[in-house]
Amino acid sequence: MAKFLFVVPPFFGHISPTLSIGASLIARGHTVKWLGLTPLADKHIPAGGEFIVPGAELEEHREQISSILKRQDDGPGCSGPEVMKLALEETYVPFARIMMKGLSNFVDAWKPDVIINDCITFAGALCAHIKGIPCVTTTPVPPDVMGDTANNSPKIFEWQQNLIKGLQGEFGIYSDGIFIHSNKLNIVFTSRVFAGFEEVPANMKFVGPVKGRPNQAAFDWERLAKATTPKVFVSLGTLLVDIRKEFFQKLITAFTDQPITIVAATNQDIFEVWPDNFIVNGFVPQTELMPHMDMVICHGGFNTVNDTFINGLPMLITPIAYDHFHTAKLIEKAGCGISIRYKRLRIADLKNAVFELLENPEYRNASIKIKETFIAAGGNDKAVQLLEDFAKTEQIPEPQH
């Protein structure tokens, strides 16, 4: 049996798929822990697992971590280059610096057999490289978000390379390679078809979505069952708090008294009164809800995207920042949804897009085709098999005395 350490960022969308895999590894007799920058609620942690936050080493960085997390709300107002700077220079690289000391100390004490770093949690892969520990990367979104910057945007590519090599140099890594991801195994939680890859690097394995952790959030299932009009699920994910009121006001203006039922995943208190055809919950059992929906509206968070297409539903995506725009292009290319950039989301366009998606079967049919590629990719079981095989293949023999 092996000891697996997942190194994750403070973003639940990136943590979520690792919880399902971790639960399966624990059930198969392995020891699994997670390490992150902020605590995770106990209800999310699989039985037998442990979520580590190296408090002593992080104490001096609390204010900086909080500031970086708050900065994420600025994403909707940023241009493309500004978003890239916010993501890489102002979030991922500082998180790696903040995390490394506590991670390194924990790894020395616990001695994991495999370190699994989320694709934006560079410290995990760098720590593994420094200490000679086998490393796997998990990628919850379609890869190649920035495209071929080496050929298409050489100045951006140079900036990226210098930033990463500068970070590596801070930790004593001076060779020419880039070590923020595993060069042996990268598990990607979508299908090759949806991601648009003709040729796949040898280390990249597309497993499709993994099943989510059970979610026991309270929900008014009786009210949903009474709804006779098409049901539309709406989510902005766990970030982007500052734009919620504006976003849902547009939905209220567009769909009050319209022949649809809106299931809104947001806090009820952003408005005193909601329309009668809106069912509003701050935290919803999303995976359990999806089979009851007819379509989805979201900004492009990939857990919601995966839940949408694994149920063969069409989507209106309103990309805001980060990888949302890349995902939106893939959705339109696959024919299973419509994209309207959040900054350009007008009431008339919102209404027209929703009824087009509900009434034109071509979108649902295209989504069902994507669903088939997701299922064929193997999901949770495939990811667990890849990790178990990797642990056996990469096992470092004990020194002989």
The summed charge of the residue 140 Cβ neighbourhood (under 11 Å; Lys/Arg +1, Asp/Glu -1) stands at -2
Roughly how many nanometres apart are two label points built 7 Å out from the Cα toward the Cβ at residue 392 and residue 111? 2.3
With a 10 Å radius around each residue's Cβ, average the other Cβ atoms per peptide and rank 257-263, 47-53, 317-323, 202-208, highest first. 317-323, 202-208, 257-263, 47-53
Determine the relative contact order of the chain: mean sequence separation of Cα pairs under 8 Å and six or more apart, normalised by residue count, in whole percent. 16
Around residue 102, what is the net charge, scoring Lys/Arg as +1 and Asp/Glu as -1 over all other residues with Cβ under 14 Å from its Cβ? 0
In degrees, nearest ten, helix 93-110 long axis to first principal axis of the chain (Cα): 50
Using the Karplus equation 6.51 cos²θ - 1.76 cosθ + 1.60 (θ = phi - 60°), what ³J(HN,Hα) coupling, rounded to whole Hz, does each residue of the stretch 267-282 give in order, writing x for Gly and Pro? 5, 5, 6, 6, 9, 5, 10, 10, x, 5, 8, 10, 9, 10, 9, x
Below 15 angstrom from the Cβ of residue 185, what's the summed charge of the other residues (Lys, Arg +1; Asp, Glu -1)? -1
Please provide three numbers in whole Å: the alpha-carbon extents of the stretch 287-337 along the principal axes, with the largest listed first. 28, 19, 13
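Give me the Kirkwood hydrodynamic radius of the stretch 221-376 in Å, from all C-alpha pairs, to one decimal place?
Result for the stretch 221-376 stands at 15.5 Å.
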From the P(r) of the chain, could you give the percentage of C-alpha pairs in the tail past 40 Å? 16
Once both axes come from the Cα atoms, what is the angle between helix 154-170 and the longest principal axis of the chain, in degrees from 0 to 90, rounded to 10? 50
Determine ³J(HN,Hα), in whole Hz, for all residues of the stretch 353-359 in sequence, where each value follows from phi through the Karplus function 6.51 cos²θ - 1.76 cosθ + 1.60 and θ = phi - 60°; x replaces Gly and Pro. 5, 4, 6, 5, 5, 6, 9
Checked against a 32 Å limit on the C-alpha separation, the offending pairs among 155/333; 184/329; 85/371 are 85/371
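Multiply the residue separation of residue 42 and residue 355 by 0.36 nm, subtract the distance between their alpha-carbon atoms, and state the gained length in nm to one decimal.
108.7 nm
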Nearest 10, in degrees from 0 to 90: the angle of helix 122-131 to the longest Cα principal axis of the chain is 20
Going by amide H atoms built from the backbone, whose H comes under 5 Å of the H on residue 237, apart from near neighbours? none
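Where a number appears in this text, it was derived from the coordinates with a stated rule and is not lab data. Fair warning: this is a prediction, and the values are worked out from it, not measured in the lab. Neighbour counts are summed over all protein chains in view; Cβ atoms, including those assigned to glycine, are modelled from backbone coordinates with ideal geometry.
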